[in-house]
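Here the structure comes first, spelled out in structure tokens, and everything after it is commentary.
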Amino acid sequence: MNLDVFHRWTGWLLPKFADHLWQSTLIGLTTLVVVYLFHRQSARLRHVLLLLGMAKFLVPSALLVASLDFLGVRIAELLSSSSATTVSYLHPSLWLQLGEQVPVGRMTASVDKGSGVYLALVFTWLLGCLFLTVIWVRRRRSVKTLLAGTPRVSVGREADSLRRVSGWMLLKKHVALTMPSGFTEPGVWGIRTPVLLLPQGMTTEMTDAELESVILHELIHVERHDNLIAALQRVLCYLSWFHPLVWILDRKLLL
């Protein structure tokens, strides 16, 4: 891409992103207040509210407007003409469709003022994303390597309990069982092919009811697709690594 074009693109897009950021920040703060007021309510309700607050950082308001417009809800006609102008920054191909609604002259003038700063911000953001992603990939690879050397367990007390609890839950997805060393807590690894991790020696002094309770807890994570949601949380945290509110929402979700 031509560097001058990149300058103009970033200089035009970042102010729009700033609008999205303050709107998301406002909604995120409101979410934290609502969750605090609902602290006596169920954890599931608070979890859903936090997910919605965090999801706003992924969905620009203009994208919502464009989606509704695509579905036939003409928001731009109901509100001021500025709504249509806001939608136009989603993709350059929309400029031709919206015609005179895009303030091209003003856009070009405003871009030239701080394009160098915008370019530096973009590269700083990319470096932060890359750094955190590399750390995440290395951690996942180390766990995957550790589990690759641990055989799957298909017989025994733990395997029988897993089949029994899966039957109670009518769980359609098959969950494998492994009992690795080096782990101190049970958990579930994987999204498409989940594996239940029961650390070696953990179940020795457990009663059957206690073991089933632990397995039930972990299988609920599988049923609710919590690993997929956690992966999406990681992606959002790394994309918005500079925003402390995203990390606060992430921490609340984990709790």
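The values are calculated or read from the model by the stated rules, or taken from the named source; none is laboratory data. For clarity, every value in this text was computed on a predicted model and none was experimentally measured. For neighbour counting, all protein chains shown are included, and Cβ atoms are generated from backbone atoms with ideal geometry for every residue, glycine included.
Of all residues in the stretch 179-213, which are assigned to a loop (DSSP other than H, G, I, E, B) and either basic (Lys, Arg) or more than 26 Å from Thr145 (Cα to Cα) (or both)?
Of the stretch 179-213, the ones assigned to a loop (DSSP other than H, G, I, E, B) are 179-186, 190-194, 198-207.
If the condition is that a residue be assigned to a loop (DSSP other than H, G, I, E, B) and either basic (Lys, Arg) or more than 26 Å from Thr145 (Cα to Cα) (or both), then Arg192, Glu205, Met206, Thr207 are the ones that fit.
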Lys173 passes all but one of the listed conditions (1) of a type outside the set (Asp, Glu); (2) crowded, with 16+ Cβ neighbours inside 10 Å; (3) over 30 Å from Val122 (Cβ atoms); (4) in contact (Cβ under 8 Å) with a residue 24 or more places away in the chain; the exception is number (2)
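In this structure, does Val111 turn out to be modelled with pLDDT under 90 and surrounded by 14 or more Cβ atoms within 10 Å (Cβ to Cβ)? Let's see the steps before the verdict.
On the way: modelled with pLDDT under 90: yes; surrounded by 14 or more Cβ atoms within 10 Å (Cβ to Cβ): yes.
Yes; evaluated as a whole, the condition is true for this residue.
If you check Leu236 against the conditions, is it closer than 22 Å to Arg251 by Cβ, at pLDDT 90 or above and part of a helix (DSSP H, G or I)? Even if it seems obvious, please write down each step before you answer.
On the way: closer than 22 Å to Arg251 by Cβ: yes; at pLDDT 90 or above: yes; part of a helix (DSSP H, G or I): yes.
Judged against the criteria, Leu236 is a match.
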Checked the stretch 155-170 for anything surrounded by 11 or more Cβ atoms within 10 Å (Cβ to Cβ) and either among the aliphatic types (A, V, I, L, M) or outside any helix (DSSP H, G or I) (or both); matches are Gly156, Ala159, Leu162, Val165, Met169
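Are any residues in the stretch 233-250 charged (D, E, K, R) and within 13 Å of Gly53 (Cβ to Cβ), and if so, which ones? Explain how you work it out, then say what you get.
Of all residues in the stretch 233-250, those charged (D, E, K, R) come to 234, 250.
If the condition is that a residue be charged (D, E, K, R) and within 13 Å of Gly53 (Cβ to Cβ), then Asp250 is the only one that fits.
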Would you call Thr133 hydroxyl-bearing (Ser, Thr, Tyr), surrounded by 11 or more Cβ atoms within 10 Å (Cβ to Cβ) and assigned to a loop (DSSP other than H, G, I, E, B)?
no
